[in-house]
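A short worksheet on the structure shown next.
Derivation of every value follows stated rules applied to the coordinates shown; laboratory data play no part. Everything numeric here is computed off the predicted structure, so don't read it as measured data. No Cβ is skipped: glycine too gets one built from the backbone with ideal geometry, and neighbour counts run over all protein chains shown.
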């Protein structure tokens, strides 16, 4: 045997990974700088398959990066900027120590700075890539734009975030891209469809933040740095795709709200481009049904975009103005508020053409006859239902119907809350073909939610009763005949027998499964069963709740 | 009220004092003569008293000096003090005594202080020159009759103060000028102030200038104005250095130039706002960069919120009390939601989410700290996983329903066996009896009490004889139940009688043969084969002449005996102990012998006297074994719930392991005609399987479970103990621990 003995850990997976500390040393960066670099470049650790091998026999917990990633970081021009910055800080300290304030000033002016453009381009080579990854940046920018100047981050950052978010919202309004809104206990979720990408972001409620102490704001600031750059470029591109001027002529000194009330200047003052109609290319592979479905969807979308067209809203002072103004304007409605509350109002309360007055208090002193006084949830529910819902459930002082998440898509077998079913029925009722159903449902609507449920129950009961009656009749028939023929019983049996047989067959077949497959099968079935159990639990809870409500009502009526 | 009044009083007095001083200064010369007169008339004794009084007043003055709101001279206050003293008693008893007490208390300390401070009062602008002693404390002259010296150097004598308090009071009451009378301490005389002097005092008190004609608000003349003057302030000619370039500056500049040249300092950078300036970054999109990052995984998006998160969720999504308690108990990572669903009746009541920043921060951490991995999620339809098997319907006939139950035993039925004709069923039970049943009528035709728990029964497979082997304790009995036609009975008798001739020759050995006698003979027990140890199982050879018995024992090689009934001969085929023998079986056609030990099945060739195969059962403890009537397949049941199916042509490993049973498998059986085999288990079920072997070697044998038969009741954790097929019909018998035997057809 010739040759040297091969050493351990010099081949294979051990050479593909590098620990964090080694990577740091290789890049000659401090840990915060390394962290910043990783955040900016989007480098994340990797979990090796065989940790012990990579860790050279040790089982200590270590973070591993791919060696390729670290090599890739070596050529990053920003790394040099980091080092420059370190030098700058050192010089500044020295100048301060010597009390050479002119030097300090000079150094300050020459503070090294870096740009992230190339990193954005590198991380998101195409525009769609960038759009796909914009969720987090929007959430972060919206969060930072609500920060007060408390020293948690630079004021410039806050202002930039505010500017970018306003620009984004303006874009969404202009392109009417908003699809879904959801008021959660965390904040308000919005979902927009931009260039075929669904983009969801969360905006916190307008309260001052209780800044936690266990949060590292430096990390957040680094992310925000990246995200603002990304969002800026995306905004630029999006504005240009709509032939709009960027940056828009929105006076940023004003609040968000006023910015939202004015429409944007277009570069080319052309008339509204007609929406390019979907040309019909009947592909051989595609069914006509599919095509029709797509067309229908398209129509629905168009209808949704013009949901609030021609409606005039007035916001009372206690409702969240930013959110409502944004949503209403996204769907073509006009909106205004009290002049004394905030600038940017376009018409007064006394305007006779106002159709909806949004109020979030039990009652209003002076009411105008020719407008609806509704609670804010109506707007959001309308958006999610894609139709203008009847306003009766949303009047002042009325207990609101539950607000459902538009993001949940129930598959068969899942639990569907009755409110969702109702809305779905309403949506179907829009079709002219089912005019009768529509009317019926509307009637039901007027009667109220509970009663409708009662109806449902009654229907079920009716069914049961019918079945009972049938069986009773049968029984009577049987009684009338003296002989009880067992043959009839057998008539019912075959189906059941067959079922039983099938079930047994299945059971036997399951017995013959291989061990591996059996394991998988059991797991899948366990998951399915759990789902069913949860759905049943929810249904039972709902039923108990409804029963309790009913009994309460009855008691009241008796009294 | 009293306090304030006294205060006012004091103020008034202070005023008076000041007036006095002023007056004193202005009218000093007028009063000079009077003073002299007083001085001469004074008596020394009285003087002393006066001096003491003055001392007291002095000290009092120093005590109250801090309290007085006027910043008057101390000299004047001395006067005031004396006045005070003089007035004090007249005015009333209210204030007097208290003050004097205070004075008494503080006297010692204050006098010390005074001695230290005595020069401080010396002021140079003293104008009183009638008394030349200067501005000294007058108490230095306390012990002298004179008070100082005049300009001529003559003594000024103290005035004769014969004014007592009554005089003072009268004076106060009667004299209209009393308020403007001032006592001059240096001369010791009283001075009445003039109107001008009083006016002056008043002015000074008001903070005005003493001179009436003085204008405080004269127009200001600006010295340094913004106006340029024609003439310079100084007429000095400029220095030479102001014409010559500075060397130091030159040095500094050259240093800076050098530093700039060397790049040490950079020129001031123009502020570029390019950071906030955006442009179309994606003008020329190319996917070439993308290729570099093929390893890159985009971060997963945050899951979208469900109904739970709504501010106004449907009531079923809210937590009940139990759920909430559970949620609070759970660890953070175990919780299904990181928040409690809440309901608010209107939007304005929704508070800020306290963990908002936390959640965003956690997302940030996830983005840059979490390793990402692409997980392949198997999206399988569970129905696809179920193997496609032929329908059991197509594999009929097989037993499906329980049709008969044979009751009669009182103990658990360990073993059953069917006669080769299929008419009779023999069963051995722990109650010490062997029963013979007619299969079709479930009647017990015969009961043989053998006096011991029966471990195993086996019907002779030869249809021409009617014999039953029964194993109990250490004896194997051969029974002739005489339940067949005469011909068969006689042939079996012949078989048994033929043995007798040989018997004596086989006297020695571990096994003894003996004939049934008396009562036993009546019951049908024809032969007794006494073994050295307890016999667990008996098995016949297909021809019906040979009988194998098993005595499991770890330590000896005497575990299996093969008996030849016709010659009453026994032999132990094995010389070595190869493990605990569980059961044995003869090959139905060929001269092979199967021995199942704990883990494996050995197959011996009886002709060649050697082992041909060893089957690994892959189970812990084999409980039972059955050989296919064709002899190609073996089924082994084991106590660890498994059933292994061997194909002897293929491999020594089981072709199929079946884990159908939940508990230990107790018995297995093959059908003689149909491709069926069955296994009985402690879980109370008998599973019938269809096992087809195709002649075509390429097609795999097909094993399909076709029926799960239940009926036996589990007693003492034991279910079905033995199972056997009917020799001709697709029927199956099973015996259980519930003392019954059941027939499934």
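Summary of values
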| item | result |
| --- | --- |
| Relative contact order (%) - criterion: Cα under 8 Å, at least six apart; region: the stretch A:278-433 | 18 percent |
| Protection proxy ranking, peptides B:607-620, A:183-196, B:660-673, average beta carbon neighbours within 10 Å, highest first | B:660-673, A:183-196, B:607-620 |
| Calculated over the stretch B:372-498: convex hull of Cα atoms, volume per residue (Å³) | 238 Å³ |
| Mean Cβ neighbour count within 10 Å, used as a protection proxy, ranking B:597-603, A:102-108 highest first | B:597-603, A:102-108 |
| Fewest-first ranking of B:657, B:376, B:551, A:424, using other Cβ atoms within 10 Å as the exposure measure | B:376, A:424, B:657, B:551 |
| Shape metrics for the stretch B:584-647, restricted to C-alpha atoms - Rg then Dmax, Å | 11.1, 35 |
| Binned Cα-Cα distances of the stretch B:684-745, short to long, each 5 Å bin given as a whole percent | 4, 17, 22, 18, 14, 11, 7, 4, 2, 0 |
| 10 Å Cβ neighbours from other chains, averaged over peptide B:367-374 | 6 |
| Relative contact order [Cα under 8 Å, 6+ residues apart], the stretch B:598-745, whole percent | 15 percent |
| Reciprocal mean inverse distance between Cα atoms of the stretch A:94-163 - Kirkwood radius, Å | 15.3 Å |
| P(r), alpha carbons of the stretch A:49-207 - 10 Å bins starting at zero, rounded % | 8, 21, 24, 25, 17, 4, 0 |
| Scaled radius of gyration (Cα, divided by 2.2 N^0.38 Å) that the stretch B:344-389 gives | 2.31 |
| Per-residue Cβ neighbour rank within 10 angstrom, fewest leading, A:378, B:179 | B:179, A:378 |
| Inter-centroid distance (Cα atoms) of the stretch B:325-347 relative to the stretch A:8-70, Å | 37 Å |
| Pair-distance profile P(r), taking every C-alpha pair of the stretch B:535-651, with 10 angstrom steps and integer % | 14, 49, 33, 4, 0 |
| Compactness of the stretch B:159-278, expressed as Rg and Dmax over alpha-carbon positions, Å | 39.5, 108 |
| Cβ neighbours within 10 Å from other chains - mean over A:500-508 | 4 |
| Label point distance in nm, residue B:407-residue A:207, each placed 7 Å from Cα along Cα→Cβ | 7.4 nm |
| Likely footprinting exposure, A:234, A:43, B:260, fewest C-beta neighbours within 10 Å first | B:260, A:43, A:234 |
| 10 Å Cβ neighbours from other chains, averaged over peptide A:398-408 | 5 |
| Peptides ranked, highest mean first, by Cβ atoms within 10 Å: ranges A:520-528, B:242-250 | A:520-528, B:242-250 |
| Between the stretch A:180-213 and the stretch B:544-558, the Cα center-to-center distance that results, in Å | 82 Å |
